[in-house]
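Read the structure below first, then the notes.
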Amino acid sequence: MGLLIKNGEIVTGDSRYIADIWCDGEPITRIDSDIQAPTATAEVIDASGKYVFPGFIDPHTHIYLPFMGTFSKDDYETGTKAALVGGTTTIFDMCCPSRTMEPSEGFATWTAQARGKAACDYSFHMGVTRFNGNSAAQLREIVAAGVQSFKIFLAYKGAFGIDDSELYQTLKLAKELGVVTTAHCENETLVAETQQELVTRGTSGPEGHHDSRPPRVEAEGVHHLMSFAEMTGAPVYIVHLSCREALEEALRARLRGVQVWVETLIQYLLLDKSHAELPEFEGAKFVMSPPLRDKANQPVLWNGLRQGLINTVGTDHAPFDFAGQKSMGADDFTRIPNGIPALEDRVNLLYTYGVKAGRLDLHTFVKIASTNAAKIFNLFPRKGTIQPGSDADLVIYDPNYRGQLSAATHLMNIDYNAFEGWPIEGRPSLVTVRGEVAARDGKFVGTVGRGRLLQRSSKNVFDFDAPLASDNNRIALKRVGCQ
Ligand code: URP
Ligand code: ZN
Ligand code: ZN
């Protein structure tokens, strides 16, 4: 047994060379030129003319999500199969207990959902959706079990949203435990008040969603989080940042020394506000929070990625069927379940519209879609790179593939594709999870239930010095158009 990958062009966050990779079991065993298969039964893959990337990491998914009166459509089987076909070999799912659940109950619920179903490895960001006398002890245990990040919502009043004293207590605990807190930043009061005003004025369609959560609402959320992070010294990670105003607040805080990482989404890079304004309720397919923005924000986000100011690209994969679920908000945009699915397509879209379109070099592509998440969330170098000892999560990528995205062919359990008909120029021809072939040319061939809950180590190895150096950051602020 064993897996030998020959003649591929290995590309990591900082290196690029042609070599063979030998995997004897789950980790990468050896990288060298002209390796001969040590056993007759080894599977030999010819990767000539193809890239070999480290398995991609989606830092933000909602495979299981009870939300807005319904449940996201994928489960860990359908979601991870789709992820693997698209080259994603590790996901971070948001564990989001309701405010009436204990953290331990929430954690048990999410792990039970994943166990026996996930085909790729996974971890959770542990949602802190309330903080009371019971919380700290339970959260300590969950962190000790290897789930070394929290998730908080400054949005969704009355649902997942936490108040300021809960925010303060959560960040104090995170600081003490040395874990990163990921945060949805929108001011929940501004959202609730503005939604009410729009509804009262007779706005009912999906186009109202954007105006109920304009950029300032998100920027205010970021500003708020930055103040609390500064006061507590806790490292934080802004999820799904969508616009210039919010990025400016994060960068200003970085200049003050706040440890903050930024995630954007493939949806914000490629889709815009006009999609949510499509007639005949079609816009509901494009309702998510924060909302899709004016197109003018897209160059700011691409620039931010190129300059290392934005660190990761995720999907916030939250699939709700157009027919059955989005239509819950047919007469009231505030009831349209929020989310735009993209787990299967993130890597191919980022490669096609980032690398092929000349917006990203190959190393930046690997960093923002894999390596940086592994470093920020304590999985590096087990995940996020290609070196002896790392898990053999590999993506043999065919840059000559040409195809189109469609709900008719995707594996995600959802009745539409937000990128329907979009051409892609490149696709994984083979994907491995810990040395086992899991996807081949758009088909899942792996093992359902083989995915593991990852035990994360306590060391965050992201090099903060470079992006935090004040002079660099000031210059970069100017380059992205911030004052
Ligand atoms: O619209 C979104 N983003 N849906 C998923 C829940 C969340 O806020 O991340
Ligand atoms: Zn969110
Ligand atoms: Zn989310």
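The values are calculated or read from the model by the stated rules, or taken from the named source; none is laboratory data. Values in this document were obtained by computation on a predicted structure and should not be read as measured data. Using ideal geometry, Cβ is built from the backbone for each residue, glycine included, and neighbour counts are taken over all protein chains shown. These accessible areas exclude ligands, DNA and RNA; they are computed on the full protein's heavy atoms, side chains included. Shrake-Rupley method; radii C 1.70, N 1.55, O 1.52, S 1.80 Å.
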* **Equivalent ellipsoid semi-axes, segment 1-118, via Cα gyration tensor eigenvalues times 5, rooted, Å** => 38, 15, 12
* Just the number, please: carbon plus sulfur as a percent of the accessible area of segment 1-55, 1.4 Å probe, no ligands or DNA/RNA counted. => 49
* Over 31 Å between C-alpha atoms is what I'm after, so list which of K157/K383; K175/K273; K326/K383; K151/K285; K81/K356; K356/K443 land there. => K157/K383; K175/K273; K326/K383
* **Viscosity 0.890 mPa s, temperature 25 °C, Stokes-Einstein D of the chain from Kirkwood C-alpha radius, µm²/s** => 110
* **Only Lys, Arg (+1) and Asp, Glu (-1) charged, at Cβ; segment 1-148 dipole about Cα centre in debye** => 520
* Asked: If we sort 28-35, 249-256, 283-290, 266-273 on the protection proxy, mean other Cβ atoms within 10 Å, highest first, what's the order?
  -> 283-290, 266-273, 249-256, 28-35
* Tell me what the chain gives for mean residue ellipticity at 222 nm when only DSSP H runs of n ≥ 4 count, each as -39,500 (n - 2.57), the sum divided by the residue total, rounded to 500 deg cm²/dmol. => -8500 deg cm²/dmol
* Asked: Amide H to amide H, which residues 5 or more places from T315 or on other chains are under 5 Å from it, using H placed in the peptide plane?
  -> H60
* To do: Mind pulling the angle between the C-alpha long axis of helix 215-232 and the longest principal axis of the chain? Nearest 10 degrees, somewhere in 0 to 90.
  => 80
* Backbone HN-Hα couplings from phi across segment 357-369 [Karplus 6.51/-1.76/1.60, Hz, Gly and Pro as x] -> 7, x, 8, 9, 7, 4, 5, 5, 4, 5, 4, 6, 9
* Helix axis angle, 244-255 relative to the chain longest principal axis, alpha carbon, degrees -> 80
* Show which aspartates and glutamates lie in cross-link reach of K6 when reach means a straight Cα distance below 12 angstrom and same-chain residues fewer than eight apart are skipped. => D20, D32, D34, E43, D46
* Over every pair of different alpha-carbon atoms in segment 205-306, take the mean of 1/r and invert it; report that Kirkwood radius in Å. => 14.1
* Asked: Hey, if you drop one equal point scatterer on each alpha-carbon of segment 81-222 and run the Debye formula without solvent, what base-10 log of I(q)/I(0) do you get at q = 0.13, 0.20 Å⁻¹?
  -> -0.68, -1.13
* Structure fact -> Residues whose built amide H sits under 5 Å from the amide H of I310, excluding neighbours closer than 5 in sequence, are L305
* Accessible area (Å², per residue) of segment 370-437, counting only protein heavy atoms and a probe of 1.4 Å -> 31
* When the Cα atoms of segment 132-188 are enclosed in a convex hull and the volume is divided per residue, what value in Å³ results? -> 80
* Rounded accessible area of K172 (nearest 10 Å², 1.4 Å probe) -> 100
* **Whole-Hz couplings from phi, Karplus 6.51/-1.76/1.60, listed for segment 438-454; x for Gly and Pro** => 10, 8, 9, 6, x, 10, 7, 10, x, 10, 5, x, 7, x, 10, 6, 6
* Asked: What fraction of the Cα pairs in segment 1-59, stated in percent, has a spacing above 15 angstrom?
  -> 49
* Amide H contacts of E425 (H built 1.01 Å from N, under 5 Å, at least 5 apart or other chain) -> T352
* Structure fact -> Mean Cβ-within-10 Å packing, highest first, puts peptides 325-333, 214-222, 98-106 in the order 214-222, 325-333, 98-106
* To do: Please give the per residue accessible area of segment 294-356, computed with a probe of 1.4 Å over protein heavy atoms only, in Å².
  => 26
* To do: Which order do the peptides 358-369, 41-52 take when ranked by the mean count of other beta-carbon atoms within 10 Å per residue, highest first?
  => 358-369, 41-52
